[in-house]
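One structure is given here, and the rest of the page talks about it.
The values are calculated or read from the model by the stated rules, or taken from the named source; none is laboratory data. Since the structure is predicted, the reported quantities are computational estimates derived from the model, not experimental observations. Cβ: placed from backbone, ideal geometry, glycine included. Neighbour counts: every protein chain shown. Quick note on the areas: whole protein, heavy atoms, side chains included, nothing else; ligands and nucleic acids left out. Shrake-Rupley method; radii C 1.70, N 1.55, O 1.52, S 1.80 Å.
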Amino acid sequence: MTLKRILGTFGFLALTVFILLPLVQVIVLSFLSTLHHETAPKGSLTLLNYANIFRTDRLVASFLNSTIYVSLNVALTLIVALPAAYAFARFPFRGARATFFALLAFRVTPPVVLSLPAFLLFAQIDMLNTPVGVALAHCVFNVPIAIWILESFIRGVPKELDETAFLDGYSTPGFIIKHLIPVIAPGIGAAAFFCFMFSWVEVVFARTLTITDGKPITTAISSLFGFQTDIGLVMAMTSLSLVPGLVMIWFVRNHLSRGFTVRV
Amino acid sequence: MTSDARAWLYIAPAAVLLLLVGGIPLAINAYHSFFDIFSLENKFWVGGEWYVSILTSERFYDSLMRSLLFSTVVICVQFPLGLLIALSLPRGGWVRSLGLILLAVPLVVPWNMIPAIWLSLINPETGAIGQLITAFDIPFDYKFNPVHTWLLLVVMDTWHWVGLVAILACSGLAGIAPAYYQAAAIDRASRWQVFRFIELPKLTGALTMALLLRFMDSFMIYTEAFGINAGGPSGATTFLSLDLGEEIKAFNYGPAAARSVIYFAITLLIVHAFWRLLSARREDAG
């Protein structure tokens, strides 16, 4: 038993080091002056990198753009995914499994494959260079995943809950809003986390659909690489880009650990 | 209203949205793949020419093999590791919360920063691992040694994604009622039997989701692989999506569209095979 404990502790430590080492590297570099600056000689400890971010309008704007499209995407995804998930969980209809697979097919469509025609399409409907366009494009991979997760949660809710509410005179939409959503709140949290995650980190769509304006963090960071890259500034941007994700993780940590059964 | 009609009504918003942002672009691609495109107004019908030239080129099959190999390696490393982590985490308490938070952190790092972070980590002058490598005089050259490039890619991808497998597995495990474990203890089931007959069946769903996500994201890896060595050394990490990226960057719209259609078909075929396999097992299980 003690040997098992020691192994467990050792494994946990090894995992922690493996995961944190690259991040520690990022944070350390973000506080170092990596190019020669007037106030901070190369190699000195400084807050200059962070100050430079807040001094550069386009870097600050990129945070705003990313936050807007990710929030829009999560909201839109949940709104369309919830009724669909309810239908898959509760109405046994012909072709349900085939439809479910068709939805999944969109999740497995590679963004690189879609980027060019999506650009042409979004140019036609005047959705380029705006966070709304990116939010819409990210639905391709987020809606299927959200439906899958929410469906699993709804199936875990006893049918009696629906039936009692209908006897009380609730319509289906009324029941979903008043009764079902509070019950599957952990599922909505988990779905929101996965949507947030896949949208926040995505690069190909976000870059292709914002040519002149509305650029996300990922593009802003890429644009910092050049002949003389200020790695300190890059790492400061990277550190800051983790903050919203960490906040999100903090909120859903209990939902993720409470557990759910995903159905196939 | 019949049950069928109601179901479709509820699915309609999601379906319309997906057809708009996914279906139409796929259709545009399929259409363009039959043309030589100079500009959108100036295009010439070439029929299946692009398809023939891609499907008869050796390069395509080489890239396909590399992508399949990469997905296989990545899944073979991350699934056992992720499962092991999920099974070792305690079922409650702060260690579990901390573990889950740790596992989730790499998932929220923007994808184009992941190669930058790892390159800076192995940088011989400023990187923590790079300095160790120099200090111990370990020969490591990710730029010109294909094995080392692959090693770096697999380690980096594992760092990035093992958390997803572990978190999904954890969620599945937490959903198992304690009564199952008590029954197993009464029957004096071994640890392996508990895993094989109680935990694994309950994990099928979560692991399928993890498998689909991991397969697809590794099979079409682009941003991270390109950032490490741009497909090198001498093409050793040129995966399918890197070939496509190259064509898009060169504005070869026609061939790029044909290639996109082929890639989509391959992904769909493989995912459909997974799905069929699971459906068959589901029916077996009743």
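Quick look at the values:
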read-out	value
Of all residues making up the range B:141-188, the number that are more than 20 Å from B:Leu103 (Cα to Cα), among the hydroxyl-bearing types (Ser, Thr, Tyr), in a helix (DSSP H, G or I) and under 26 Å from the mean Cα position of the chain (by Cα)	1
Meets criteria (in a loop (DSSP other than H, G, I, E, B) and either touching a Ser or Thr at 6+ places or on another chain (Cβ under 8 Å) or free of Cβ contacts under 8 Å to residues at least 60 places away in the same chain (or both)) for A:Ala40	yes
Any helices (runs of 4 or more DSSP H) falling wholly within the range B:222-286 and containing at least 2 residues that are open to solvent by 60 Å² or more (accessible area, probe 1.4 Å), more than 7 Å from chain A (Cβ to nearest Cβ) and not small (Gly, Ala, Ser)	B:240-249, B:253-284
Identity of the residue in the range A:118-146, over 15 Å from the mean Cα position of the chain (by Cα) and under 16 Å from B:Leu17 (Cα atoms), that ends up surrounded by the fewest Cβ atoms within 10 Å (Cβ to Cβ)	A:Ile125
Within the range B:67-98, considering residues that are within 7 Å of chain A (Cβ to nearest Cβ) and of a type outside the set (A, V, I, L, M, F, W, C), the one surrounded by the fewest Cβ atoms within 10 Å (Cβ to Cβ)	B:Ser88
Some residue of the range A:48-55 being surrounded by fewer than 22 Cβ atoms within 10 Å (Cβ to Cβ), facing chain B (nearest Cβ under 7 Å), in contact (Cβ under 8 Å) with a residue 40 or more places away in the chain and in contact with a helix residue (DSSP H, G or I) (Cβ under 8 Å, 6 or more places away or on another chain)	no
The listed residue being more than 7 Å from every other protein chain (Cβ to nearest Cβ), among the aliphatic types (A, V, I, L, M), out of contact with any Ser or Thr (no Cβ under 7 Å at 6 or more places or on another chain) and part of a helix (DSSP H, G or I), out of A:Ala102, A:Ala87	A:Ala102
Subset of the range A:8-43 [under 19 Å from B:Leu100 (Cα atoms) and either touching a strand residue (DSSP E or B) at 6+ places or on another chain (Cβ under 8 Å) or among the hydrophobic types (A, V, I, L, M, F, W, C) (or both)]	A:Phe10, A:Phe12, A:Leu13, A:Ala14, A:Leu15, A:Val17, A:Phe18, A:Ile19, A:Leu20, A:Leu21, A:Leu23, A:Val24
Top-ranked residue of the range A:65-82 - restricted to ones that are open to solvent by 30 Å² or more (accessible area, probe 1.4 Å) and facing chain B (nearest Cβ under 8 Å), ranked as farthest from the chain's Cα centre (by Cα)	A:Ile79
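Yes or no, residue by residue, for (1) charged (D, E, K, R); (2) over 16 Å from A:Arg207 (Cβ atoms); (3) within 10 Å of another protein chain (Cβ to nearest Cβ):
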{"site": "A:Val112", "(1), (2), (3)": "no, no, yes"}
{"site": "A:Val134", "(1), (2), (3)": "no, no, no"}
{"site": "A:Pro144", "(1), (2), (3)": "no, yes, yes"}
{"site": "A:Ile147", "(1), (2), (3)": "no, yes, yes"}
